[in-house]
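The values are calculated or read from the model by the stated rules, or taken from the named source; none is laboratory data. Since the model is a prediction, treat every value here as computed from it, not as a measurement. Backbone-built Cβ (ideal geometry, glycine too); neighbour counts: all protein chains shown.
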Amino acid sequence: MIKPIVLRQAGHKSGGGATLATALGIPHSAPNTPRSTKHNRLIINWGVSTLPVWKQKGFLYSNHPNAIAACANKLLTLRKLRAANVPCLEGGTKDDLYYEQGLPQNDNFTYAAERWLHEDGKVVVRHIISGHSGNGLEIVRRGNPIPAAPLYTRYFKKQAEYRVHVAFGNIVLIQQKKQENGHVNQEDGLDDLVRTHDRGWIFCVNDLSCDKYTYRSNLIEVAKKAIEAVGAQHGAVDILVRHKTNNGNQPEQNADGQRPAKTLDTLVVCEINSAPAIRAGSTLEAYSGAFRNWIDARRAF
């Protein structure tokens, strides 16, 4: 007999993993909570990068902890995406950027982050490479010094931001970040640059720009490649998109049968979430359906 369980992060007894377990009607547990069973276990891994201290007959992970570690570490994510030729943010450590620019290690004039700051007017500094919801993120503007940090990324000027949910080779949901009606921006002027829930940005599933401007298929292709690049089977891929004016050469029509005013210019993967928030019913429905199929398929053997 094989039994499913959700492996969720310690201290997240009411988080997304627990919500998912409740919807599936199965137990959930943290990796540091001792458990013992004579059965094999199907483990739905919701964002845990460490092996559980469980005594089991056998494990089968939906996502191995090594894949979770690759998602959690933003520097490692970028390296794996680049190695797999997946379009992603430009970035790396100071030494990475010296190497990519062909600069000698003792060069004290500049490195890529300073060049980005000069050219773009801002650069993104990450003081925490495993942070989420904007934790440890700093936007440095031209004229200010760049602090020491484990990760620098080039600022990508975007018109749209998406979260594409992938599960076992399928796209189960596409969301676009949009600012809530009536939201009052914070005084630091970063609300459009750092699009977090605390700054009034929420995920929507209706009236998506990728459908209006006919590039949904591009999002799907890149999201699948990104999940494969980090060795995962499921996760939420955050993709930034820049639009351009349709010059009339694109024959595609949108859902209304009209030529879109804009089309895709550039897209890059920003990060991959191995335990995305489950705040909306559509997200819960998408993942619970995917995991039911995964569980049923393995119970059949």
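Quick check on region 44-65. Is at least one of its residues assigned to a helix (DSSP H, G or I) and modelled with pLDDT of 90 or more?
yes
Would you be able to tell me the number of residues in region 17-74 that are within 13 Å of HIS234 (Cβ to Cβ), surrounded by fewer than 20 Cβ atoms within 10 Å (Cβ to Cβ) and among the hydroxyl-bearing types (Ser, Thr, Tyr)?
Summing the residues that are within 13 Å of HIS234 (Cβ to Cβ), surrounded by fewer than 20 Cβ atoms within 10 Å (Cβ to Cβ) and among the hydroxyl-bearing types (Ser, Thr, Tyr) in region 17-74 gives 1.
Of all residues in region 4-42, which are under 21 Å from the mean Cα position of the chain (by Cα) and of a type in the set (A, V, I, L, M)?
VAL6, LEU7, ALA10, ALA18, LEU20
Just give me the residues in region 114-138 being in contact with an Asp or Glu (Cβ under 9 Å, 6 or more places away or on another chain) and either under 30 Å from TYR213 (Cβ atoms) or surrounded by 15 or more Cβ atoms within 10 Å (Cβ to Cβ) (or both), in sequence order.
TRP116, VAL123, VAL124, VAL125, ARG126, HIS132, SER133, GLY134
Contact list please: Cβ distance under 9 Å, first residue in region 31-51 and in the same structural domain as HIS12 (by TED's automatic domain parsing) and among the aromatic types (Phe, Trp, Tyr), second residue surrounded by 13 or more Cβ atoms within 10 Å (Cβ to Cβ) and in a loop (DSSP other than H, G, I, E, B), pairs at least six apart or on different chains.
Taking only residues 6 or more apart or on different chains, the pairs are TRP46/GLN9; TRP46/HIS12; TRP46/GLY15; TRP46/SER62; TRP46/ASN63; TRP46/SER274; TRP46/ALA275.
Across region 81-95, what is the total count of residues that are modelled with pLDDT of 90 or more and buried (at least 20 other Cβ atoms within 10 Å of the Cβ)?
Looking only at that region, the number is 4.
Which ranges mark the strands (runs of 3 or more DSSP E) fully within region 158-224 that have 2 or more residues being at pLDDT 95 or above, of a type outside the set (Phe, Trp, Tyr) and farther than 20 Å from VAL268 by Cβ?
Of the strands (runs of 3 or more DSSP E) lying wholly inside region 158-224, those with at least 2 residues that are at pLDDT 95 or above, of a type outside the set (Phe, Trp, Tyr) and farther than 20 Å from VAL268 by Cβ span 170-179.
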